[in-house]
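One structure is given here, and the rest of the page talks about it.
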Amino acid sequence: MKYALFIDESGDHGLTTLNTDFPVFLLCGVLISFPDYQDLNKRMVELKTGIWGEKKVILHSRDIRKCEKEFSVLFDLGVKANFYKNINEIISNTSYTIIASAINKKLYIQKYGTLSDDVYELALSFMIERAVFFLDDIPEKNKELHIVIERRGKKEDKKLEEHFQRLLARGTGYVSADRLKAYNLQITFKLKLDNINGLQLADLIAYPIARHVIDKNRANPSFDILEPKFYKKNGKTYGLKIHP
């Protein structure tokens, strides 16, 4: 069985500046089998065509929250209610697992300094480890894992590809290189314009998770919908890694 891990980010991964209102960098992953992705894709297309009349609309969390660009239609309260009803139904009733990794930048800088490791690469390593742990417990043979990430730029993508190749060669702190290779681990970079619905779902759910990390006591109904989807084992949530 083939699985995909669609990854998007929330927050700034740089360490030279710190936004005190959003002091977290988070990578959010949607881990899903290929058959379940076909179902997700179908539901997302139905949502888009139902509201916009075509499937080319790209769901983007920030534009949705601000009702900008194509999402100005959400100023109509009836359309907005219908959109959120349908997107929440997709989030709740589609089969997938959330694996996210957050870096508390303030604590990270205090502990390691501003010239330490790339937090994007660090967060990705954590996510790959958790994805492997999750897949290890699925009683199937010949499992494969393909990672899909939105392009950020030639320089950034090249740097991340090099980090990924180092992981394949050396493994991580908890997963050996042989275990990674056993899943035929691959990484692919896609443009936002490629309109990948798995990446759009990751984008939609990343922001409320980051908000939960920043202040778990603040009312966050979007996170409450997501909470059952996190990777859990033995009563513990392994699908949200917060560092340090």
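What to note about this one:
- Dipole check for the chain: with +1 at the C-beta of Lys and Arg, -1 at the C-beta of Asp and Glu, and the Cα centre as origin, the magnitude is about 200 Debye.
- Descending by average beta-carbon neighbour count within 10 Å, the peptides 76-89, 195-208 line up as 195-208, 76-89, the highest first.
- Once both labels are positioned 7 Å from their Cα atoms along Cα-to-Cβ, the gap between Arg62 and Glu156 label points is 1.0 nm.
- The calculated FRET efficiency for Ala81 paired with Asp36, based on their beta-carbon distance and R0 = 41 Å, is about 0.90.
- Once the chain from Gln110 to Lys181 is taken as fully extended at 0.36 nm per residue, the excess over their C-alpha distance is 22.0 nm.
- For segment 2-243, the relative contact order comes to 32 percent (Cα pairs under 8 Å, sequence separation of at least 6).
- Shape call, segment 19-121: gyration tensor on alpha carbons, a/c limit 1.5: oblate
- For the chain, the Kirkwood estimate of hydrodynamic radius, built from reciprocal distances between every pair of different alpha carbons, is 18.7 Å.
- Rounded to 5, percent antiparallel among DSSP beta bridges of segment 2-243: 55 percent
- Long-range amide H partners of Lys232 with built H, under 5 Å: Tyr238
- Spatial separation of Cα centroids for segment 130-186 and segment 68-120, in angstrom: 22 Å
- The mean sequence distance of close C-alpha pairs (under 8 Å, at least 6 residues apart), as a share of the length of segment 124-244, puts its relative contact order at 26 percent.
- The listed peptides 33-39, 237-243, ordered by packing as a protection proxy, come out as 237-243, 33-39 (highest mean of other Cβ atoms within 10 Å first).
All of the numbers you see were taken from the coordinates with simple rules; none came from a lab. Please read all numbers here as calculations on a predicted model, not as lab measurements. Neighbour counts run over all protein chains shown; Cβ positions are idealised from the backbone, glycine included.
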